[in-house]
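*Asks:* Below is one structure. I have some questions about it.
Computed from the coordinates by the stated procedures, all read-outs in this text should not be read as laboratory data. Treat the numbers as computed from the prediction; the structure is a model and nothing was measured. All Cβ positions, glycine included, derive from the backbone under ideal geometry; neighbour counts span all protein chains shown.
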Amino acid sequence: MTDPGSAAALRARHGPRYRWLLMISLMIGVMASIMSSTVVNVAIPDLSHHFALSQERAQWVTSGFMVATTVSMLTTPWLLSRFGYRRTYVGTMLLLMAGGIAGGVATLYPVVLAARVAEGFAAGVVQPIPAIVMLRAFEPREQGRASGLFGMGVVLAPALGPSIGGLLVDLFGWRSIFFMVVPFCLVSIWLAYRYVPTSAPGGMGVGGPRLDWRGLAFGTVGTLCLLNGLMEIRGGDPRLAGGLLLGALLAFAAMIVWLHRARRSGRDALINLDLFGYRTYSMGTLVAFIYGTALFGSTYLLPVYMQMALQMPASLVGTILLPSGIVLALTIGLAGRLTNRLPTRVLVGGGLVLLALSFALMPTVGLHTGLWVLIAWATLGRIGLGFILPSLNLGAMRPLDKALIPQGASAINFLRMLGGAAGVSLCALVLEWRLAAHGDVLTRAGTSPARLAAFNESFLLLAAICALAIVAAWQLRDPPGHVPVDK
């Protein structure tokens, strides 16, 4: 008897439009996960005041989420194989919703922190799924358009989320922020039972291999040591920071050794190292790591620059960044269609050039520069991002054997997030270093030419990081004949 929830049965029921309905269903859940990662930031000041937290303890609301998101991405292939698409997806939405509700009603800070970790775990599991589905459900000529449509919806969440979140905090307090994900989760669960198949990747039944707990443990320890070590450098104990960073290096080295042994013995591993035998994929993961460093670093640096160096109020910062977010969504839609016309390395490399140029031009902004100049450079960077986002994952994973696609999506997202976590700390470290070199600190009221110079040098560092990614992006060779030109 045919399973009514199988991909074949759902395709027969809904016809050719089914793959688009499936993508929209997944898009709602990913929007909820991304919104939960960004919108809580606007509530941190009120949350800190409510629980009488130091800045370091309050920051763990964000850091705990990021650690959980980064590590849990490695479990997505196993969860899909073990439980199938629908149960995995619905489970993550239930966990995300439970985290939102628990955080919203919590009376103790540890409960808030645990809720954020739960939300982070759910967000990490769900984010690689659309790339896996896209490469399996869509023909190569449709993958770019699907990626563009998906990207347009997803980037609107971080673009609009903080603005809506700020309004909710002003009207109802910090608790309201946690409840924002609940309606998105409810809608995504309803859509999942209509359009998300029960089967595992490749149309297989559920009940796959055992989870590689040892590989996951090494990855978790390495990620925790790396992020904590970078945080300690920013004002903690230098010896502790050095020990944690050494621990991260050893844990990731042990993880690679373990994965190599698993491959030689034929055991199921957390990451199949055969992935890195594909040169295009290897270059794609390198680009993803460097790109994550620049993207997350700039996301941290730009608002701080506008408030602490240009002396803009927080409300104006959100207003300035909103147009660039909308431009980003529109660019992704255009770039998605261009993936059927232009090679991956042209789109990704061109986007990185625009992103690097936007950082390199930031030193032209000063206290008396017209606001339009800042908006123009920020928008230029978002246009660059719009060309990178739909192209990078698809271009890196197209050459992979279909059996490797789930692990390929998981690993490239993991490395992008790891680069992002490092990028935030790197930008903070460089900024503090350059401020000290110029004789200034952010705690001092007002701004100065020295402070502007420190920020400008930090932006130039981001431009240099993007230049490194451009070199790797030029190695993203598409498989012969994969790009049909739309007539």
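*Asks:* Give the calculated FRET efficiency between L240 and F51 to the nearest 0.05, with a Förster radius of 25 Å applied to their Cβ-Cβ distance.
*Replies:* Efficiency computed from Cβ-Cβ geometry: 0.50.
*Asks:* Please give, to one decimal in nm, the separation of the simple spin-label points placed at L334 and L249, each 7 Å out from Cα toward the Cβ.
*Replies:* Output for this residue pair reads 4.5 nm.
*Asks:* Moving on to the next point. For the chain, give the magnitude of the charge dipole about the Cα centre (Cβ charges: +1 Lys/Arg, -1 Asp/Glu; no others), in debye to the nearest 20.
*Replies:* 1320
*Asks:* I'm checking a number: the convex hull volume of the Cα atoms of segment 6-50, normalised per residue, in Å³. What is it?
*Replies:* Once divided by residue count, the hull of segment 6-50 is 79 Å³.
*Asks:* Continuing with the same structure: Per 5 Å bin, what percent of the C-alpha pairs of segment 47-116 does each bin hold, from zero upward?
*Replies:* Per 5 Å bin, starting at 0, the Cα pair percentages come out as 3, 15, 20, 22, 15, 11, 7, 4, 2.
*Asks:* To continue, here is another question. Expressed as an acute angle from 0 to 90° and rounded to the nearest 10, what is the orientation of the C-alpha long axis of helix 344-361 relative to the principal long axis of the chain?
*Replies:* The angle comes out at about 10 degrees.
*Asks:* Quick check: the angle from helix 405-437's long axis to the longest principal axis of the chain, C-alpha only, nearest 10 degrees?
*Replies:* The two axes meet at around 10 degrees.
*Asks:* At 7 Å along the Cα-to-beta-carbon direction for both T364 and Y193, put a label point, then send me their distance in nm to one decimal.
*Replies:* Placing both labels 7 Å along Cα→Cβ, they lie 5.6 nm apart.
*Asks:* Let me ask something additional. Which net charge results when you count Lys and Arg as +1 and Asp and Glu as -1 among the other residues whose beta-carbon is under 13 Å from that of S176?
*Replies:* Working: positive: R175; negative: D46, D170.
Summing Lys and Arg as +1 and Asp and Glu as -1 gives -1.
*Asks:* What angle do you read, to the nearest 10 degrees and between 0 and 90, between the alpha-carbon axis of helix 76-105 and the longest principal axis of the chain?
*Replies:* 40
*Asks:* Length gain on complete extension for the stretch W433 to R17, per 0.36 nm per residue less the alpha carbon to alpha carbon distance? Working shown, then result.
*Replies:* Details: separation 416, 0.36 × 416 = 149.76 nm, distance 5.42 nm.
Contour length minus Cα-Cα distance gives 144.3 nm.
*Asks:* Additional query: Return the label of the correct value of P(r) over Cα pairs in 20 Å bins from 0, in percent, as calculated from the structure shown, out of (i) 21, 45, 26, 7, 1; (ii) 20, 41, 30, 9, 0; (iii) 23, 60, 17, 0.
*Replies:* (iii)
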